[in-house]
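A.B. asks: Following this message is one structure expressed as structure tokens.
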Amino acid sequence: MQDNAPSSLPAKAQRKPEAAPSGGARVLILGGDTSTASTLGGVLRHDGRSVQIVTDSTSALSALADGEFDLLLADLDEADPKSQDVLDQAQRTTPATTVVVLTGYATLESALRALRRGVYDYLVKPVDVEELRITVARALERHRLQHELAARVHELEVAHAAARGFNARLQEQVEQATVELRHKVEELDEANRQLTQTQEQHDRFVAMVAHEMRGPLNPIINYAQLAKRPTLQDGALGRYMDIIVEHAYRLNRMVDDLQTATRLSTGRFSLRTEPFDLIAAVGELVDQFASSVRERHFTFDRPNAPVTIDADRDRIVQAVRNLIDNAVKYSVEGGAIDVGLEVHDDDVAITVGDYGAGISDADMKRIFDPFIRGTHEADVSGSGLGLYITRGIIAEHHGTLKVRNRGGENRIQGAIFSVSLPLRRPAAAS
């Protein structure tokens, strides 16, 4: 076979023979000319290629669909459209197969048309054997490089996907860690705020306790010194002793409040419950205040029949005493202190109201917190623990404590504290 291409054939660069790829390359020859196809197949088999020969495009496409071929050597008829369609179908069916075409004549136009169809190279018939070997070797080398490139690209895609997945997981972990860290910072900020607030409350409490304890301690010391005088008048010692005892009781109540508040805040508060008549207990308490606080007018509105509840009598009396004492402190001199008791289906309500200045909106939000006193009465004595202790006692009895101003927005009419206690102890408490 000789290379007798016409003068219009594009010149090809001189190509050096290349070492053929390792044996086993599969080549599919599509040739309408059986003798030419057999000759080409014999040359390629001699070079160690695995060759399959088909004579029509349908058989070629079927063979390509059934198995992988490294090279398609197609003898195409330019004038036959079906022969040309095999290139398009081959590219769609097996795009990894390298295609080399055989043509009876070659022009620039036919070369460009072949290249546009995905053809790697072309050979002009009659084919020179050496040209055939060089072209096939290069086509197979290109196929090998494409295969390796595809494998590397696949590896890179797998690595990229793994890296992307790793980055996504890392980003998720970073975001999760950031959220957790933000929560920790917020928790630390909140803990620091509470610690600062607690420290401020502690400082105010220490200063308040020191101030309040001087109140009863100073009279005790002064009257004890007066009682030691040798020139003491008749009857003065008894009066001095009464004053000392009165202030000693006041100091003792302050110590009890501190102890109760500490037990409430640490969860070590306990109750000694037993059935008792609530009306009798509250009535005795109102009578005590009425006899000792002459500058206030006390009323007690209550049912006629006894109201028996199962609770800690001393603690309930302590809670109601704190409410009445608070009403006395913040009411005007000569004003009334109204105490009421009503029985409902499942609970009993105790109300204590005064006709003082009422409670401001700012104080209403924190009035049951420890160490809090009304801002409008700076000269009123007290540790700021009474309402805190009262709420704790009522809560331990599964009751509620509420407060409102008597006149709504016109709070100058005074405040009313309402206690609700269950008539029967809850099963969990029993």
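A.B. asks: Determine which member of the set Asp242, Asp234, Asp301 is farther than 16 Å from Asp314 by Cβ, modelled with pLDDT under 85 and exposed (fewer than 12 other Cβ atoms within 10 Å of the Cβ).
C.D. replies: Result of the check over Asp242, Asp234, Asp301: Asp234.
A.B. asks: Which residues, counting only those in the range 257-273, are of a type in the set (D, E, K, R), touching a residue at least 12 places away in the same chain (Cβ under 8 Å) and under 27 Å from Pro216 (Cα atoms)?
C.D. replies: Of everything in the range 257-273, just one residue is of a type in the set (D, E, K, R), touching a residue at least 12 places away in the same chain (Cβ under 8 Å) and under 27 Å from Pro216 (Cα atoms), namely Asp257.
A.B. asks: Yes or no: Ser8 modelled with pLDDT under 80, of a type outside the set (A, V, I, L, M, F, W, C) and either touching a Cys at 6+ places or on another chain (Cβ under 8 Å) or assigned to a helix (DSSP H, G or I) (or both)?
C.D. replies: In short, no.
A.B. asks: Within the range 290-303, is even one residue out of contact with any helix residue (DSSP H, G or I) (no Cβ under 6 Å at 6 or more places or on another chain), assigned to a helix (DSSP H, G or I) and of a type in the set (Asp, Glu)?
C.D. replies: No, the range 290-303 contains no residue that is out of contact with any helix residue (DSSP H, G or I) (no Cβ under 6 Å at 6 or more places or on another chain), assigned to a helix (DSSP H, G or I) and of a type in the set (Asp, Glu).
A.B. asks: Based on what the data block shows, is Phe276 aromatic (Phe, Trp, Tyr), over 30 Å from Val206 (Cα atoms) and touching a residue at least 24 places away in the same chain (Cβ under 8 Å)?
C.D. replies: Considered against the rule, which asks whether it is aromatic (Phe, Trp, Tyr), over 30 Å from Val206 (Cα atoms) and touching a residue at least 24 places away in the same chain (Cβ under 8 Å), Phe276 comes out as yes.
A.B. asks: Please state which one of Arg164, Arg193, Arg204 is under 23 Å from Ala261 (Cα atoms), surrounded by 10 or more Cβ atoms within 10 Å (Cβ to Cβ) and out of contact with any Phe, Trp or Tyr (no Cβ under 9 Å at 6 or more places or on another chain).
C.D. replies: Arg193
A.B. asks: With Leu258, Leu341, Leu264, Leu323 as the choices, which residue is in contact with a helix residue (DSSP H, G or I) (Cβ under 8 Å, 6 or more places away or on another chain) and either surrounded by fewer than 19 Cβ atoms within 10 Å (Cβ to Cβ) or in a loop (DSSP other than H, G, I, E, B) (or both)?
C.D. replies: Within the list Leu258, Leu341, Leu264, Leu323, the selection yields Leu258.
A.B. asks: So, one more: So, in the range 378-394, how many residues would count as being at pLDDT 85 or above and of a type in the set (S, T, N, Q)?
C.D. replies: So the count comes out to 1.
A.B. asks: Then there's this: State whether the residues of the range 199-206 include one that is touching a residue at least 12 places away in the same chain (Cβ under 8 Å) and charged (D, E, K, R).
C.D. replies: Within the range 199-206, one or more residues are touching a residue at least 12 places away in the same chain (Cβ under 8 Å) and charged (D, E, K, R).
A.B. asks: Could you give every pair whose Cβ atoms fall below 9 Å, whose first residue belongs to the range 322-351 and is under 15 Å from Gln288 (Cα atoms) and touching a residue at least 24 places away in the same chain (Cβ under 8 Å), and whose second residue is among the charged types (D, E, K, R) and assigned to a strand (DSSP E or B), counting only separations of at least 6 or pairs across chains?
C.D. replies: If the second residue must be among the charged types (D, E, K, R) and assigned to a strand (DSSP E or B), the pairs left are Ala327/Asp338; Asp338/Asp301; Val339/Asp301.
A.B. asks: Checking Ala280 against (1) at pLDDT 85 or above; (2) surrounded by 11 or more Cβ atoms within 10 Å (Cβ to Cβ); (3) closer than 30 Å to His211 by Cα, only one condition comes out false. Which one?
C.D. replies: Failing condition for Ala280: (3).
A.B. asks: Quick test for you: out of Arg204, Arg229, Arg214, Arg193, pick the one residue that is out of contact with any Pro (no Cβ under 7 Å at 6 or more places or on another chain) and not in a helix (DSSP H, G or I).
C.D. replies: Criteria check complete, one pass: Arg229.
The values are calculated or read from the model by the stated rules, or taken from the named source; none is laboratory data. This one's a predicted model, so the numbers in the text were calculated from it and none came from an experiment. Note that each Cβ is placed from the backbone with ideal geometry, even for glycine, and that neighbours are counted across all protein chains shown.
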